[in-house]
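Enquirer: Pasting a structure here, questions to come.
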């Protein structure tokens, strides 16, 4: 989701499906509207756009503004809206001048001038303009005059109670957290930085993180103890939340928000936490001694653990797990299957099927699988069709919601799959997701074939977050944020089965190497997202089919890079890009001459000869790819995300920038805010 804070800097929206509102709490009624604009945008190949206001309009127009309480701060609102797969969020600065716009000016000078909507979706009670003069009838009148659609959403009912922000505020204010959660459709969030406190909890043996709530209008539950989930750097923990004035501690205290995170011992000062309030435990109270307070806290923590364990199980039981087929393509890797397949089978996910597709092996590995791993589905292919052709053929015989494609030399963590599926289940526009990949030979380091997410430069040279050319970074948590990237590593990634087949799978002419980049490029051209989720972790040995220094690998990498560019780049770029690549590849060949010898120079030369030989076929595929992308489009082209606008060769070899974090991005790639499951 792209966030815009300046009306003067808005992009030119394409077929905008628009909704407008305060969205305080982003409750279930709001979510119905969000689902509607996503669905409508998908149908017309447009963009879903949410317009909200900051500060809240009532704080500007209501003379009693000091008494107003809001469910969510603007940061919490942005976080919640980001969970629903919206393309754009426009945060409009709400001023007295804006509030005095007439309903006619609001429609003409604001909605039509800035958004040129194809469709406007609003709630049943939406009003706008000075003194709330505008309503749905006025919008419908303009829709006939100007030519946009208007869709009205009826009130959302939960257990016969109409969902509204007012009802939710009342539930929160009285400590009825369960009712608030039911009406919200999610837990009440509290987001803020960790600040220094008096460290009283630490002295009692229960250290807490003091979270600063900077918006005075933020509605907090009554003082007391609450069970809560706490998300820190993409990982969700259990915890106990305290809201109150510390009546057992001498000295007057301001109201504080503190959370004790279970089984957690990191220094997180100044970092931001997401707290989700799950249930009320007890009111705040005064204790006569530290021992009495300490004993009560220990009891509270046990109660919190029990409640949170049940909450986690209920969340799982109410949501069916989509079926995932973990598919390994094998070619003469019996020794690897023996070593790593047991780790794959130990994947902690309740609805998986493990498949080994044998690519015409001659080492007896197919028979070995059939004998030693009868629980594994075995698909025997007649010949070695390479990575691309082998997977294309095998996946025709696999039926699942998702395909998790793993190399046979990958050792996954037991819980590697769940985070990837959770991200993809939350956003239907995520076509593929990859884990963080470390190297089995040096387990603290990122691995060559993907690291923490794949990127590409403006000349078509791929690199990774954590690996640029031959430089591998040590993983010290520096790239632990989930991120929208350009490509997902073929060594380990998850793809939606339906989308994989809709895009005709991999290009079999690639045989091996870069076919995943070509596939992801097609996804992104059609408006889909490709993401890296570092909370999912696997280890990769690498170089088992072709060693990293093998000339044939060099040949395939350079040739397939040219294939990929020619199929996917706009024609206005290709006329100069391919000749320039000939020059740059020549320079690369000279740089490989001394460390690797003439075999690699010849490999690059062969790559170009092969490219020109296949050019008529590539031009035909270019046309077919355009039709394929157009037929499957769900939104605007997203290839600008994850693309480095400079030359990575210059950055690496001349400017000596060896780490992803050292690169000077014109616009940072989209970061994905940690989400609630």
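Enquirer: Suppose we filter 97, 105 for residues that are surrounded by fewer than 21 Cβ atoms within 10 Å (Cβ to Cβ) and farther than 23 Å from residue 152 by Cα; which single one remains?
Expert: Going through 97, 105 in turn, the sole match is 97.
Enquirer: I need the full set of residues from region 387-408 which are surrounded by fewer than 22 Cβ atoms within 10 Å (Cβ to Cβ) and either closer than 23 Å to residue 511 by Cα or out of contact with any strand residue (DSSP E or B) (no Cβ under 8 Å at 6 or more places or on another chain) (or both), in order please.
Expert: Once the filter is applied, which keeps residues that are surrounded by fewer than 22 Cβ atoms within 10 Å (Cβ to Cβ) and either closer than 23 Å to residue 511 by Cα or out of contact with any strand residue (DSSP E or B) (no Cβ under 8 Å at 6 or more places or on another chain) (or both), region 387-408 yields 392, 393, 396, 397, 398.
Residue by residue, here is whether (1) farther than 19 Å from residue 404 by Cα; (2) at pLDDT 90 or above; (3) not in a strand (DSSP E or B) holds:
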{"position": "505", "(1), (2), (3)": "no, yes, yes"}
{"position": "518", "(1), (2), (3)": "no, yes, yes"}
{"position": "534", "(1), (2), (3)": "no, yes, no"}
{"position": "547", "(1), (2), (3)": "yes, no, yes"}
{"position": "559", "(1), (2), (3)": "yes, no, yes"}
{"position": "573", "(1), (2), (3)": "yes, no, yes"}
{"position": "577", "(1), (2), (3)": "yes, no, yes"}
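Per-residue answers, yes or no, for (1) out of contact with any strand residue (DSSP E or B) (no Cβ under 8 Å at 6 or more places or on another chain); (2) in a loop (DSSP other than H, G, I, E, B); (3) within 20 Å of residue 237 (Cβ to Cβ); (4) assigned by TED's automatic domain parsing to the domain that holds residue 539:
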site	(1), (2), (3), (4)
282	no, no, no, no
295	yes, no, no, no
300	no, no, yes, no
329	no, no, no, yes
347	no, yes, no, yes
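Enquirer: Right, next: Sort through 23, 115, 13 and tell me the only one that's over 25 Å from the mean Cα position of the chain (by Cα) and either modelled with pLDDT under 85 or crowded, with 18+ Cβ neighbours inside 10 Å (or both).
Expert: Going through 23, 115, 13 in turn, the sole match is 115.
Enquirer: For residue 268, all conditions in the list (1) in a loop (DSSP other than H, G, I, E, B); (2) within 22 Å of residue 174 (Cβ to Cβ); (3) in contact with a strand residue (DSSP E or B) (Cβ under 6 Å, 6 or more places away or on another chain) hold save one; what is the number of the exception?
Expert: Only one criterion is unmet by residue 268, namely (2).
Enquirer: Is one or more of the residues making up region 389-398 modelled with pLDDT under 90, touching a helix residue (DSSP H, G or I) at 6+ places or on another chain (Cβ under 9 Å), farther than 30 Å from residue 364 by Cβ and assigned to a loop (DSSP other than H, G, I, E, B)?
Expert: no
Enquirer: Assess whether residue 509 counts as being assigned to a helix (DSSP H, G or I) and at pLDDT below 90.
Expert: When the stated conditions are applied, residue 509 passes them.
Enquirer: Would you please list the contacts, defined by Cβ atoms under 9 Å and residues six or more apart or on different chains, that run from a residue in region 473-489 that is at positive phi to a residue that is buried (at least 18 other Cβ atoms within 10 Å of the Cβ)?
Expert: Going by the 9 Å Cβ cut-off, the qualifying pairs are 477/534.
Enquirer: Let me ask you something else. Just to be sure before I move on: is residue 486 crowded, with 24+ Cβ neighbours inside 10 Å and more than 22 Å from residue 340 (Cα to Cα) in the structure I sent?
Expert: yes
Enquirer: For residue 267, only one of the following conditions fails: (1) under 27 Å from the mean Cα position of the chain (by Cα); (2) in contact (Cβ under 8 Å) with a residue 60 or more places away in the chain; (3) more than 17 Å from residue 226 (Cα to Cα). What is its number?
Expert: (2)
Enquirer: Sticking with this structure for a sec: Considering only region 279-286, I want to know if a residue exists there that is surrounded by 15 or more Cβ atoms within 10 Å (Cβ to Cβ) and closer than 23 Å to residue 77 by Cα.
Expert: yes
The values are calculated or read from the model by the stated rules, or taken from the named source; none is laboratory data. It should be emphasised that the depicted structure is a prediction, and the values quoted were computed from it without experimental measurement. Please note: Cβ atoms are built from the backbone with ideal geometry, for glycine as well, and neighbour counts cover all protein chains shown.
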